[in-house]
Amino acid sequence: MQTTATIPTQLIDQFGRRVDYIRLSITDRCDFRCQYCMAEDMTFLPRDAVLSLEECARLVKLFVRMGVRKVRITGGEPLVRKNAMWLFEEIGHLPGLDECVLTTNGSQLDKYATALKTAGVKRINISIDSLQADRFKTITRVGELSKVLTGLDAARSAGFDNIKINTVLMRGINDDEAEALVNFAIEKQVDISFIEEMPLGAVEHDREQSCVSNTETLALLKSKFSLTPSTHRTGGPARYWQVNGQPTRIGFISPHSHNFCESCNRVRITCQGELFLCLGQDHQVNLLPLLRAHPDDDQPLVDAILHGMRIKPQGHDFDLRRAAPAVVRFMSHTGG
């Protein structure tokens, strides 16, 4: 690859925010069909419409040269991508990259946890929305809770000591499990984050009715646990509380009840190579045609990314009172 491109050492958007975190989806496919993420009957992309793993690695390496310090690999479910481990091995120890992290549903971790640790993955987030097997299967439509819990234990055994559970509470579905999920996190000595449901894609339930505010969840948990505000940050939007006397922290990602856009430091790349500048807006730059038209020249990619910084919006526009979703694309399209 040619090295004649003029590459800036940091990315600054039009509002002066430094972008040093990318979330890269490597597949739109998943072995679950979570209700808030995708439709039950999904049509997935053909192979040639998706970034190759080599193209994924090229983008990560370029963004790191441009000052990105954290890369999160997402999907769909990234570990169902054939040969996904090659990508982790290729980028996990990149000079200048502080953290290569993974968001997963946990279904494949029993097979890959040790290899991920060796490849250089620093942290793992596992989505668990219920500790009741039947309810878990209802939420995920097909998922087996026992397999996910086995994967979590495999990650702990592999030496990951900074695992986090991600939970989306939905009223009338699993909102009665907040306390149980925190107790589970304490038992496993992992962190947990509660994420307000994102209004992305048309789903089968009424989000205005189902969304549980993190203000409400925090008030409940304060009545059950001794909590202290924490200054801990992971580079994302979560705000944390420490469970006193325990290593577990409780995070809250609150796009509705607490807009976190003023400090946004991240962009997302879909498995189709679309650089989305905001989860809740449609501003994007398509990188895939440039990757394929210029395999030996990074300058067009650099120019496109810098253009993206100039159009990155100030914030999202989530409003659950809308009749239609804020953004038509599913969460699985943009990347978890």
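Restricting region 77-108 to residues that are in contact with an Asp or Glu (Cβ under 6 Å, 6 or more places away or on another chain) and either of a type outside the set (D, E, K, R) or over 18 Å from residue 30 (Cβ atoms) (or both), the residue that is surrounded by the fewest Cβ atoms within 10 Å (Cβ to Cβ) is 80. Close contacts from region 117-146, counting a first residue that is loosely packed, with under 15 Cβ neighbours inside 10 Å and a second that is among the aromatic types (Phe, Trp, Tyr), with Cβ to Cβ under 8 Å and a gap of 6+ residues or different chains, come to 141/32; 142/32. Can you say whether residue 27 is closer than 22 Å to residue 102 by Cα and either assigned to a loop (DSSP other than H, G, I, E, B) or not polar (S, T, N, Q) (or both), as far as the supplied structure shows? Yes. For region 43-76, the set of residues classified as closer than 19 Å to residue 10 by Cα, hydrophobic (A, V, I, L, M, F, W, C) and part of a loop (DSSP other than H, G, I, E, B) consists of 66, 68, listed by residue number. Using the structure shown, decide if residue 51 is out of contact with any helix residue (DSSP H, G or I) (no Cβ under 6 Å at 6 or more places or on another chain) and touching a residue at least 60 places away in the same chain (Cβ under 8 Å). So residue 51 passes the test. Residue 34 satisfies every condition listed in (1) surrounded by 20 or more Cβ atoms within 10 Å (Cβ to Cβ); (2) modelled with pLDDT of 95 or more except (2). Just for strands (runs of 3 or more DSSP E) wholly inside region 93-202: which have at least 1 residues that are closer than 23 Å to residue 81 by Cα and of a type outside the set (A, V, I, L, M, F, W, C)? Once the strands (runs of 3 or more DSSP E) in region 93-202 are filtered for at least 1 residues that are closer than 23 Å to residue 81 by Cα and of a type outside the set (A, V, I, L, M, F, W, C), what remains is 99-104, 121-127, 164-167.
The values are calculated or read from the model by the stated rules, or taken from the named source; none is laboratory data. Worth saying up front: this structure is predicted, and the values here are computed from it rather than measured. For neighbour counting, all protein chains shown are included, and Cβ atoms are generated from backbone atoms with ideal geometry for every residue, glycine included.
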